[in-house]
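Read through the structure below, which is laid out as structure tokens, and then see the notes.
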Amino acid sequence: MRAMGLLAAALALSACGLRPLYGGGSTGVVAATLSGVTVAPIEGRVGWLVYNDLKERLAPTGATASRYRLDVELDDAIVGLGIRGDLATTRERRTLRARYRLTDLRTGETVLDATAGAEAGIDVVSSEYATVAAEQTAAERLSEQVADQIVSRLGLFASRTRPAR
């Protein structure tokens, strides 16, 4: 009876239509497409962080011939939230938003135009050094989150696009 239940569960799971995004590993369609994406330079310190995170995630085994170019524009903002009676800020929110476009280098057509974003809270303490360090740590964390979102969306695009021959 237990074996029948396991067999039924296996059949139901295989019929649900789910398939792994990175099926085929490093030789799969998605990995091959992602390794063919060139990341254009991104302005600013946070742009440099996002650029490096994207490069690391897109072609970890080395670059192949570029088929696509990824252009990213960032909007990085820090806003004071908690304000004491003496008008001193006690809490900040750092928001990082990215608009990115994937361009097919063969046709010049923009094949994907989307956004990604993340935010983090920062405590403002009496030590200016500690506050600046917290802001920088937040920027590093946010750049990783935005890069992960972009790569995930590019992976979905690659899985839904028939590879060119």
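Since every read-out is calculated from the coordinates, none of them should be taken as a lab result. This one's a predicted model, so the numbers in the text were calculated from it and none came from an experiment.
Residue separation times 0.36 nm, minus the C-alpha to C-alpha distance between Thr131 and Ala114: what's the value?
Going from the current span to full extension adds 2.9 nm.
On alpha-carbon atoms, Rg over Rh for the range 112-165 using Kirkwood Rh?
Ratio value, two decimals: 1.26.
Taking just the C-alpha trace of the range 20-160, give me its Rg and Dmax in Å.
When restricted to Cα atoms, the range 20-160 yields Rg and Dmax of 17.9, 60 Å.
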